[in-house]
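Each remark here refers to the structure printed beneath this line.
The values are calculated or read from the model by the stated rules, or taken from the named source; none is laboratory data. Since the structure is predicted, the reported quantities are computational estimates derived from the model, not experimental observations. FYI the Cβ positions are ideal-geometry reconstructions off the backbone, even for glycines, and counts take in every protein chain you see. Remember, those area values only see protein heavy atoms, side chains included, never the ligands or the DNA or RNA. Shrake-Rupley method; radii C 1.70, N 1.55, O 1.52, S 1.80 Å.
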Amino acid sequence: MATLVLDDEQKMLREAAMRFMAEKAPVAQLRALRDGEGDAFDAPTWAAMAEMGFPGALIPEEHGGAGFGHVAMGQIMEAGGRTLAASPLFATGVAGASAVMLAGSDAQKAELLPKIAAGELLCALAVDESVRHTGKAPATTAAPSGDGFAITGAKSNVADGSIAGLIVVSAATPDGATGLFLVEAGASGLEVEPVEMADSRATAILRFEATPARALGEVGQGAEALARLLDICNAHLAAELIGVAGKAFEDTLAYVQERRQFGVTIASFQAIQHRAAHLFGEIEQARSLVLAALSGLDEGVEGLPRLVSAAKAKAAAVADLATNEGVQLHGGVGMTDAFDIGLFMKRARPAAQLFGDERFHANRFASLSGY
Amino acid sequence: MFDLEDFRAETRAWLEENCPASMREPVRSEKDICWGGRNAEFKNDDQRLWLERMAEKGWTAPTWPEQYGGGGLSPEQAKVLREEMARINAREPLKSFGISMVGPAIIKWGSEELKQQHLPKICRGEIRWCQGYSEPGAGSDLAALQTKAEDKGDHYLINGQKIWTSYAHKADWIFCLVRTSWEGKKQEGITLILFDMETPGVEARPIRLISGASVFCETFFTDVKADKTQVVGEVNKGWTYAKYILTHEREMVSAIGGDASAVDALGVQSLDAVGADEQGRLDDPVLRADIARWEIDQLGFRLTLERAKDEAKAGEGVGHYSALLKYAGTELNKRRLELKVAAEGMGGLAWEGQAWKGGALAKEWLRSKANSIEGGTSEVQLGIIAKNVLGMK
């Protein structure tokens, strides 16, 4: 059985991350970015995150990272979820770093990981080719070309795709295997169409026309690395969703204890108490699954893909529930932009959709369970 | 840490040596559960032997003090024992309201005399206990109970009626909530007292349930004499003790949902009855989705149960989780049986006859409906979470 309680170091890091996000990347910053000049993230805040070691949390010390591990990174992701921190942390520190660590050659690790850990190189992971994540092999192709490859095809749902300096692309090799390839921003034949999402975050549709690329690690061993990479991504998205759900719940709880109708607080009504209590229980149970998935990544437990799918499915369902209940229990003000609860709802959905929503993962869970 | 690994090795070896093979099979029916008591019905010699060996080690109550028949284990050691028992699918040697409910209250508040009189017999499974709580007019509003105990010098004279007393007709002793005062708040006139079910004036009548079984009784007390030495803790403080026991009861009931070996593989278990498509998926996509969601929730629940135990190791912080676990565990068990009956189709609803195990599933399904009523309804648990954990008022 996985480790389900944080050790002292992880607890300290969790508290530090909570404090950091509350002070340096609060919801107000997301509002400012949304209403501002079109920046996708706040550069000084990102630099401060790099100072704290966040982008390098998964990267070993020998490559300039902090080597905290997945449980620890999950705490940072949860802290970011609580304040809707709009930063490159997920696409760069989780997806980009893990891609290079899983599939990269020693030379690529030595070249790329220190820059990622320092926050200097932003990454994006381009996998999906339709609006929904399907788990199917890529139709995008990689053809040998000179020393490297030429990528042709299109990718959608690429988080940070319009701001990344380095894009990790999944593509089919001539022999039909799946490979991971590195494309640099500004490469020839790369067209970037920015798409701002409901959560005010930058994603992109990327179109490749014989775009020059180099293989990440050994060509042809990408499928296994990609599967593992997506499990890592989903475990950390689940951790972020726990943060989103947890804070949406706490804000809602505070609101119903303050809001008075019929001469009493609406928190005194049983109809509201039971809904809040149920939601609290659901969040706690989702948290247990996410902790198990994160510590499973650190400790290497059997059946990890099944556990990750359970965690992502439950975290997504709970984040939906928490934000839906949150808006409803806020009443009319829940529909206003002035209150934060709507922003939590708008983050919960894209974070759940990315790399498979609740239904995708429930389905995958069933298949992996043998039925 | 090293000591704990030594303990694990010793425990593993001892269990290998002493747990009979038939006690490593899944529990299939009520008869596979050992309740002990004066009139204990052992299904076979293995069941008796397993109880005796475990009781000898003190492992029927692993964390209780050794002087009272317990195992004297630390919470960490007890967890190792649980894990090692789970590893070989060892059955619980004894199911006991004495261990799970009244025992902890006696340890916490009982006199030395009460501890010596009752605890060793509980550990050895010699006395089977029942819980006298609910009354016809006091269900969710338990503190409204009216069973009267009159002070007669050296004893109390008890008159009144309990209901939903689980297994009262098979129990040897009862731990009973009685009213010793009508003054002040209703919670402040309640006393927790113990007496023998063979005392003149005690009558237990089984109630026939929708499942056909009779596990609950109406229990009547007519001029029952209970010795004053059998009061647990202080007179009129019984409500505090009752709530403490309920916390333990909730944990036990919520463990229903945590019995991994029995329930986890609902999807795979349904393949026979439902059939599979070419890709090996359950041949009813909607049922498959319902089962997948249930299994995910079940896994989350089981991990939460484990997390609660890990977090509680330091102290006794069970209160925070117990209502949540009781609510979630019992609702999951009800969902499990709904899905199982649905997967088995008409077979799941058979009641008598050779086919489909003579209606065992249908009866289990109906029995499960009581899970979210007994030990405090789901609605009561949600109220406790809202008020005590979330501070809503």
Lone unmet requirement of (1) farther than 20 Å from B:A312 by Cβ; (2) at pLDDT 95 or above for B:A61: (1)
Subset tally (residues that are more than 17 Å from B:C34 (Cα to Cα), open to solvent by less than 40 Å² (accessible area, probe 1.4 Å) and basic (K, R)) for the range B:50-95: 1
Residue match in the range A:195-210 (condition: within 30 Å of A:V27 (Cβ to Cβ) and basic (K, R)): yes
Residues satisfying the stated conditions in the range B:292-304, i.e. at the interface with chain A (Cβ under 7 Å from one of its Cβ atoms), in contact (Cβ under 8 Å) with a residue 24 or more places away in the chain and open to solvent by less than 20 Å² (accessible area, probe 1.4 Å): B:A292, B:E295, B:F301, B:T304
Count of residues meeting criterion [free of Cβ contacts under 8 Å to residues at least 24 places away in the same chain and closer than 29 Å to A:V195 by Cα] in the range A:54-81: 0
Subset tally (residues that are under 20 Å from B:N18 (Cα atoms) and within 19 Å of the chain's Cα centre (by Cα)) for the range B:64-80: 3
The one condition in (1) outside any helix (DSSP H, G or I); (2) among the hydrophobic types (A, V, I, L, M, F, W, C); (3) closer than 23 Å to B:E331 by Cβ that A:V301 fails to fulfil: (3)
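I'm trying to understand the selection: among the residues of the range A:154-163, which are over 15 Å from the mean Cα position of the chain (by Cα) and surrounded by 24 or more Cβ atoms within 10 Å (Cβ to Cβ)?
First pass over the range A:154-163, keeping only residues over 15 Å from the mean Cα position of the chain (by Cα): A:154-156, A:162-163.
Scanning the range A:154-163 gives a single hit, A:K155.
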Where B:G391 falls short, out of the listed (1) in a helix (DSSP H, G or I); (2) within 14 Å of chain A (Cβ to nearest Cβ): (1)
Output for the range B:16-45, where each listed residue is assigned to a helix (DSSP H, G or I) and in contact with a helix residue (DSSP H, G or I) (Cβ under 6 Å, 6 or more places away or on another chain): B:N18, B:S22, B:M23
Among (1) assigned to a helix (DSSP H, G or I); (2) open to solvent by 10 Å² or more (accessible area, probe 1.4 Å); (3) modelled with pLDDT of 95 or more; (4) over 30 Å from A:F280 (Cβ atoms) - the single one A:E224 does not satisfy: (3)
Only listed residue being of a type in the set (A, V, I, L, M) and open to solvent by 20 Å² or more (accessible area, probe 1.4 Å), chosen from B:A149, B:A168, B:A204: B:A204
Condition met for A:V94 (within 28 Å of A:G342 (Cα to Cα) and surrounded by fewer than 22 Cβ atoms within 10 Å (Cβ to Cβ)): no
Count of residues meeting criterion [surrounded by fewer than 19 Cβ atoms within 10 Å (Cβ to Cβ) and over 30 Å from B:F42 (Cα atoms)] in the range B:124-137: 2
The lone exception for B:R367 - which of (1) surrounded by fewer than 19 Cβ atoms within 10 Å (Cβ to Cβ); (2) under 21 Å from the mean Cα position of the chain (by Cα); (3) of a type in the set (D, E, K, R); (4) within 14 Å of chain A (Cβ to nearest Cβ) it fails: (4)
Residue identified as within 14 Å of chain A (Cβ to nearest Cβ) and part of a helix (DSSP H, G or I) among B:E311, B:E338: B:E311
Residue match in the range B:370-379 (condition: over 21 Å from the mean Cα position of the chain (by Cα) and either part of a helix (DSSP H, G or I) or modelled with pLDDT of 90 or more (or both)): no
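For A:R306, indicate whether it is basic (K, R), under 24 Å from the mean Cα position of the chain (by Cα) and crowded, with 24+ Cβ neighbours inside 10 Å.
Working: basic (K, R): yes; under 24 Å from the mean Cα position of the chain (by Cα): yes; crowded, with 24+ Cβ neighbours inside 10 Å: no.
The answer is no for A:R306.
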Among residues of the range A:234-273, those that are facing another protein chain (nearest Cβ under 10 Å) and surrounded by 19 or more Cβ atoms within 10 Å (Cβ to Cβ), counted: 7
Subset of the range B:264-288 that is surrounded by fewer than 12 Cβ atoms within 10 Å (Cβ to Cβ) and at the interface with chain A (Cβ under 9 Å from one of its Cβ atoms) - its residue that is farthest from B:R335 (Cα to Cα): B:Q279
Candidates A:K115, A:K136, filtered to the one that is more than 24 Å from A:R359 (Cβ to Cβ), more than 17 Å from the chain's Cα centre (by Cα) and outside any strand (DSSP E or B): A:K115
